[in-house]
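Step one of this worksheet: look at the structure below.
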Amino acid sequence: QVQLVESGGGAVESGGSLRLACAGSGLTLSSWHVGWFRLPPGKEEREFVASSPWTSATKSYADSVKGRFIISRDSTKNMVYFQMNSLGPKDTAVYYCAAGITTTDSGYRADYWGQGIQVTVSS
């Protein structure tokens, strides 16, 4: 059974940092295109934030987080991390780890999703 479990969320003041972690079980994350999505309050659809292909291809970031957020992996621990710096209130959302990301005509899809973790940034 495949599971993705996020950790590291919480509340932080504007300008602060958080590091999210995603632990994988039932799959080897280093062989998958993995990434992070988020669902801001009041929105109905998750939005793409960042992804890391399983090859050495370039990582991708949403324009809103470029230069502030960094996605990384630790293959020895089967983990994916998301360092979020210079956080602002607009970053408040439920963040989801995803594996098996592909692009579609309408955006992105993933084979597996974590349960999501809340990140709240106060001004």
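Applying the set (1) modelled with pLDDT of 95 or more; (2) out of contact with any Asp or Glu (no Cβ under 7 Å at 6 or more places or on another chain) to S56 leaves exactly one unmet item: (1).
Within the stretch 14-60, the set of residues being without any contact (Cβ under 8 Å) to a residue 60 or more places away in the chain and hydroxyl-bearing (S, T, Y) comprises S25, T28, S30, S31, S51, S52, T55, S56, T58, S60. Within the stretch 114-123, the set of residues being open to solvent by less than 80 Å² (accessible area, probe 1.4 Å) and in a strand (DSSP E or B) comprises I117, V119, T120, V121, S122. The strands (runs of 3 or more DSSP E) found entirely in the stretch 1-107 that carry 1 or more residues being in contact with a Pro (Cβ under 9 Å, 6 or more places away or on another chain) and surrounded by fewer than 18 Cβ atoms within 10 Å (Cβ to Cβ) are 47-52.
The values are calculated or read from the model by the stated rules, or taken from the named source; none is laboratory data. Everything numeric here is computed off the predicted structure, so don't read it as measured data. Counting neighbours? That spans all protein chains shown, and the Cβs are built from the backbone with ideal geometry, glycine included. Just the protein is used for accessible areas: all its heavy atoms, side chains included, with ligands, DNA and RNA removed. Shrake-Rupley method; radii C 1.70, N 1.55, O 1.52, S 1.80 Å.
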